[in-house]
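For reference, the structure is listed below as structure tokens.
FYI, it's all coordinate maths here, none of it is from the lab. All values derive from a computational prediction rather than experimental measurement. Cβ: placed from backbone, ideal geometry, glycine included. Neighbour counts: every protein chain shown.
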Amino acid sequence: MAASQARKAGLPIINLLRVKGMPILQQLHLEERLLRTSSQNWCIINDGTTRPTIVMGVSGKAKELLETDAVLRDEIPVIRRFTGGGTVIVDQGTIFVTFICNKDAISGLQSYPRPIMSWSSLIYKNMFQGIGEFSLRENDYVIGNHKFGGNAQSITKNRWVHHTSFLWDYEISNMGYLKMPTRVPEYRQARNHAEFICRLKEYMSRSDFIDGTMDSVASHFALRSLDADDIQNSSSQFEPSSRILTRQELGEEASMELVGTVSQISYMAAISSTCPTSKIA
Amino acid sequence: MARSLWATRAASYLRINVPCRGFATGSDLPICGTRVGVTFHGMYLLYVNCENNFLSIHAVLKDLKYADSHEWVRVEGESATVGITDHAQDHLGEVVYVELPEEGSKVEQGASFGAVESVKATSDVNSPVSGKVVEVNKKLSDSPGLVNSSPYEDGWIIKVELEDDSDLPCLMDPERYTKFCEKEDASR
């Protein structure tokens, strides 16, 4: 549906920001800032991030969720994000789609986790007709019973964010940094990571998925495309809560404090140096 | 869907079968979607929803005040205890983590002071009153599920020393909160 038609149909306006390769921490900071300081609706599509990065939910405990020795050895950044949910490892093969909306943006939608989750699945449902058996299974997007998209949310008094990381492609070796979580969906049925997840690229091309998502968003909203320059940080006082965990928080021994300090500096420098400026798609 | 002990006791008192299949056995309750007001040990019951053969009963206590963001407050002199309502905990689902404020920090009416995490979502908890946090419920660190099982008792979240009582008229009484919840659920 064209934007002008959508507006005529009385659909809510949403700002669409499409980027490529935005570092995941930068994306999370942007999302949280827009959630807390903007009064507009937003859809952010980030086509891949930079280096492999582990992202835990707000209450995630590294020792329980990660193979911390390997994570420390290979200097994999670990971020604790501001939304709930589980742990993912993201990289260039991950496609991110985020909705940040006012609670009354979508008619009849209550701003509670389950209704938002159900609504979000409507965005993608039609894209898989004739391609794969898409469904929302508990809180995951699946094809058949294989997960390809993980979801998380944060809900404030008047707004909510729902973001998804899609496994367009992934390195199976990266899954070795993640332990089997204690809290798993029932449909997982004790399957390991490799048996549980699937690659979206086996079902459609990257551009078809992103274009299809944008078309679907355009049928639910009146799109207003923006670029990164339009959303320069005007809320300089806002402090996002998503952050990179220190080596000590990942369990590096306290007795190695001096070595840890040096390694922490070099670890943070390594992360900073490999996060290029995001590109607008 | 998470079920609280309050709702379970209420269902038992009313002899309501769950899942609901039409009229409840042993009572003359009307069919789904109608409010029931029954006083039970000081509790005012809200019969919210019967959807897909599943009955939700949410408790609203008579001696509390309520915010439109679904927090409750019990005021005793210059002190107040705050938590989230049975309606809220049921809609959020199983609470797995509670982010608590620091004791001694200030809270402001309507502003977020913490959050609860339920499976995939963090949800702000907003203070219905202004004042200073004098105590947080440390039990919630090890047992966040108390928010689900006992939202008005063991699942309390913070205690506040009130600035003054000027915030209280903005809050809803049990009757108004009950209607508020009904209207919110009916708008789905």
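If each residue's Cβ is checked for other Cβ atoms within 10 Å, how do A:Phe99, A:Phe82 rank with the fewest at the top? Don't skip to the end; give the middle numbers.
Working: A:Phe99 25, A:Phe82 21.
So the residues, fewest neighbours to most, are A:Phe82, A:Phe99.
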Problem set entry | Net charge contributed by nearby residues that have their C-beta within less than 13 Å of B:Pro144 (K/R +1, D/E -1) | -2
Problem set entry | Of all DSSP beta bridges in chain A, antiparallel share, percent nearest 5 | 70
Exercise. Which value does Rg/Rh take for chain A over its C-alpha atoms, Rh per Kirkwood?
Worked result: 0.96
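Taking a threshold of 25 Å on the Cα-Cα distance, which of the pairs A:Lys157/B:Lys179; A:Lys103/B:Lys179; A:Lys179/B:Lys139; A:Lys125/B:Lys120; A:Lys63/B:Lys106 fall above it?
Among A:Lys157/B:Lys179; A:Lys103/B:Lys179; A:Lys179/B:Lys139; A:Lys125/B:Lys120; A:Lys63/B:Lys106, the Cα-Cα distance tops 25 Å for A:Lys179/B:Lys139; A:Lys63/B:Lys106.
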Problem set entry | Descending semi-axes in whole angstrom, ellipsoid equivalent of the range A:80-146, from the Cα gyration tensor | 21, 19, 12
Exercise. Tally Lys/Arg at +1 and Asp/Glu at -1 over every other residue whose Cβ is under 14 Å from the Cβ of B:Asp164; what's the total?
Worked result: -4
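Rounded to the nearest 500, what is the 222 nm mean residue ellipticity of chain A from helices alone, with -39500 (n - 2.57) per DSSP H run of 4+ residues and division by all residues? Please list the in-between numbers first.
Numbers: 8 runs with 79 residues, N = 281.
Per the formula, -8000 deg cm²/dmol.
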For this session: On a 0 to 90° scale, report how tilted helix A:113-125 is relative to the longest principal axis of chain A, with both axes built from alpha carbons and the result rounded to the nearest 10.
Result: 70
Seminar exercise, completed: When A:Ile143, B:Ile84, A:Ile54 are ranked with the fewest other C-beta atoms within 10 Å first, the list becomes A:Ile143, A:Ile54, B:Ile84
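In square nanometres and to one decimal, what's the mean projected area of the convex hull around the Cα atoms of the range A:59-178? Working shown, then result.
Numbers: hull surface 33.5 nm².
Average of the hull's projected areas for the range A:59-178 equals 8.4 nm².
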Exercise. Nearest 10 degrees, 0 to 90: what angle lies between the long axis of helix A:257-273 and the longest principal axis of chain A (Cα atoms)?
Worked result: 30
For this session: Compute the normalised compactness of the range A:98-254: alpha-carbon radius of gyration over 2.2 N^0.38 Å, N being the residue count.
Result: 1.20
Exercise. Which lysines have a Cα lying under 16 Å from the Cα of A:Lys20, excluding residues fewer than 8 positions away in the same chain?
Worked result: A:Lys279
